[in-house]
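Since the structure comes first, as structure tokens, the remarks are kept for the end.
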Amino acid sequence: MEHALPHPSPSGPGHPWRTIAVVASGVAALELLVLLIVGIAVLAKPMAKRAAVHAAAKASAAPATKKPAAPKRPILSRGAVSVTVLNGNGVSGAAAAEASRVRARGYKIGVVGNAPRGGYGRTIVMYRAGLNREGSRLAHDLGVGIASPLDGLRRRDLHGAKLAVVVGG
């Protein structure tokens, strides 16, 4: 027995299954959008509260964790600071002339001599550890632009002095 299936005519409504699939996809997309909005709204409030509590706890704990500043050591007077003056440019008498300038500003002069190595392009003030304020003050007093920790000199090169002036070219 033969069964003939109806064949849709080209002038008919088209394929009804395609229309149903498009409508079902649209409804599913709309449901997904609604679920996302509800989920975000439900989760956003507790997370915002938790973030605010965390930020407040962090802000209140921050000052408690800071260490109190160590009291600053008073800067030594010029007369209490000994200075070694070294010739780093090879010009005879340059260290002695600079030592006279340093002494005129109230500093004690330690040793006047030659730097362990020559060729300093500029005059520089060097200081031992913890004496950066005294070194900066001496550099300012002499009009020297550079004050730095000991660099290229050892403590023994200072012969007990606290600061060094290396005369450059």
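On the stretch given as segment 98-130, residues that are closer than 14 Å to Gly169 by Cβ and among the hydrophobic types (A, V, I, L, M, F, W, C) total 2.
Would you confirm, using the coordinates I've provided, whether Val111 is β-branched (Val, Ile, Thr), modelled with pLDDT of 90 or more and either assigned to a helix (DSSP H, G or I) or touching a His at 6+ places or on another chain (Cβ under 9 Å) (or both)? So Val111 passes the test.
Here's the yes/no breakdown for (1) in contact with a helix residue (DSSP H, G or I) (Cβ under 9 Å, 6 or more places away or on another chain); (2) of a type in the set (Phe, Trp, Tyr); (3) exposed (fewer than 10 other Cβ atoms within 10 Å of the Cβ); (4) free of Cβ contacts under 8 Å to residues at least 40 places away in the same chain:
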position	(1), (2), (3), (4)
Glu31	no, no, no, yes
Ala51	no, no, no, yes
Lys72	yes, no, yes, yes
Ile75	yes, no, no, no
Ser82	yes, no, no, no
Pro116	yes, no, no, no
Gly121	no, no, yes, no
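Taking the listed residues Gly106, Gly169, Gly152, Gly145, the one that is exposed (fewer than 15 other Cβ atoms within 10 Å of the Cβ), in a loop (DSSP other than H, G, I, E, B) and in contact (Cβ under 8 Å) with a residue 40 or more places away in the chain is Gly169, with no other qualifying. Taken over segment 123-142, the residue count meeting the criterion of being crowded, with 17+ Cβ neighbours inside 10 Å and of a type in the set (Gly, Ala, Ser) is 2. Entry remark, segment 155-166: residues being surrounded by 13 or more Cβ atoms within 10 Å (Cβ to Cβ) and small (Gly, Ala, Ser) number 2 in total. Taken together, the residues in segment 86-103 that are of a type in the set (S, T, N, Q), over 10 Å from Val167 (Cα atoms) and surrounded by 14 or more Cβ atoms within 10 Å (Cβ to Cβ) amount to 0.
Exactly one residue out of Ala59, Ala24, Ala55 is at pLDDT below 95 and either exposed (fewer than 10 other Cβ atoms within 10 Å of the Cβ) or touching a Lys or Arg at 6+ places or on another chain (Cβ under 8 Å) (or both): that is Ala59. Just one of (1) open to solvent by less than 100 Å² (accessible area, probe 1.4 Å); (2) modelled with pLDDT under 80 fails for Pro16. It is (2).
The values are calculated or read from the model by the stated rules, or taken from the named source; none is laboratory data. A quick note: this is a predicted structure, and the numbers were derived from the prediction, not measured. Glycine also receives a Cβ, built like all others from the backbone with ideal geometry; neighbour counts cover every protein chain displayed. Note: areas computed on protein heavy atoms with side chains; ligands, DNA, RNA excluded. Shrake-Rupley method; radii C 1.70, N 1.55, O 1.52, S 1.80 Å.
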